[in-house]
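Since the structure comes first, as structure tokens, the remarks are kept for the end.
The values are calculated or read from the model by the stated rules, or taken from the named source; none is laboratory data. Note that this is a predicted model, so its numbers are computed, not measured. A quick note on method: Cβ atoms are made from the backbone with ideal geometry, for glycine too, and the neighbour counts reach across all protein chains shown.
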Amino acid sequence: MKKWLIPVIIIGVLAVAIYSWAVGFNNTAVEYEADAKTAWADVESSYQRRNDLIGNLVKTVQGAADFERTTLTEVIEARSKATSTTIDASNLTAENMAQFQQAQSGLSSALSRLLVTVERYPDLKANQNFLELQAQLEGTENRINVARDRYNESVNIYDKHIKKFPGSFLAGIFGFEEMPRYKADPGSENAPDIDFEF
């Protein structure tokens, strides 16, 4: 056996091993990133469901002729802003996430004021459509929380994969970047004072 053949074989084996490792890292990162983006789409879908329900709720409340128009206008404007603020899953940045959260938080706040105001309208509180929409909204809020938690879990798996050494070296080469997590709104540690009991 020729002496130069042994180093060539060793180099060849090392090259195949490094290539396999890099391909494995890349494919896993792509999979985790896609899972996180899908989880983000689920978050947006849950918020869209809420926006649709709020539209129906506003129509129901508008039927009460003497209902405060200012409160309704605030909800309508906040809903419009929330539906116009979306994030493309390929452009999930901390800044875009903060804008999205701010718009959704504004809608949540306006909706809370609307539900508190409804307390003064016994006919509206007894309206079957209103009660059904309110129950669906409550369920949708739970869906939103679950979707946000799942998104954060997916991002956590992806971020750990690209941040651990030696994968972090390849992440820079392949262009994988850390994804932002969904954070609680400032002041959300204080429970809102809303009475859903009738």
Apart from one, (1) under 16 Å from the mean Cα position of the chain (by Cα); (2) at pLDDT 95 or above all hold for Val30; the odd one out is (1)
Matching residues in the range 85-108 - criterion: being closer than 14 Å to Gly55 by Cα and not aliphatic (A, V, I, L, M)
Ser108
Six or more apart or on different chains, Cβ atoms under 6 Å: show the pairs whose first residue is in the range 23-45 and closer than 13 Å to Leu92 by Cα and whose second is among the charged types (D, E, K, R) and part of a helix (DSSP H, G or I).
Ala39/Arg150; Val43/Arg148
Residues of the range 69-91 classified as closer than 18 Å to Tyr121 by Cα and either touching a strand residue (DSSP E or B) at 6+ places or on another chain (Cβ under 9 Å) or modelled with pLDDT under 85 (or both), total:
5
Members of the range 77-104 that are within 18 Å of Thr140 (Cβ to Cβ), touching a helix residue (DSSP H, G or I) at 6+ places or on another chain (Cβ under 6 Å) and hydrophobic (A, V, I, L, M, F, W, C)
Ala78, Ala82, Ala103
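With respect to Arg49, is the statement that it is more than 19 Å from the chain's Cα centre (by Cα) and of a type in the set (Lys, Arg) true?
Numbers: more than 19 Å from the chain's Cα centre (by Cα): no; of a type in the set (Lys, Arg): yes.
The answer is no for Arg49.
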Would you pick out the residues in the range 69-85 that are among the polar types (S, T, N, Q) and touching a residue at least 24 places away in the same chain (Cβ under 8 Å)?
Thr71, Thr83
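Looking only at residues in the range 1-27 that are assigned to a helix (DSSP H, G or I) and either of a type in the set (Phe, Trp, Tyr) or under 13 Å from Val155 (Cα atoms) (or both), which one is nearest to the chain's Cα centre (by Cα)?
Kept after step one, since they are assigned to a helix (DSSP H, G or I), are these residues of the range 1-27: 5-27.
Next cut, either of a type in the set (Phe, Trp, Tyr) or under 13 Å from Val155 (Cα atoms) (or both) only: 19, 21, 25.
On the way: Tyr19: 35, Trp21: 32, Phe25: 26 Å.
Step by step, filter the range 1-27, then rank; the result is Phe25.
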In this structure, does Asn156 turn out to be free of Cβ contacts under 8 Å to residues at least 24 places away in the same chain, among the polar types (S, T, N, Q) and either on the phi < 0 side of the Ramachandran plot or touching a strand residue (DSSP E or B) at 6+ places or on another chain (Cβ under 9 Å) (or both)?
no
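Looking at Ala135, Ala94, Ala126, can you tell me which residue is of a type in the set (A, V, I, L, M) and under 13 Å from the mean Cα position of the chain (by Cα)? Working first, answer last.
Working: Ala135 fails: under 13 Å from the mean Cα position of the chain (by Cα); Ala126 fails: under 13 Å from the mean Cα position of the chain (by Cα).
When all the criteria are applied, what remains is Ala94.
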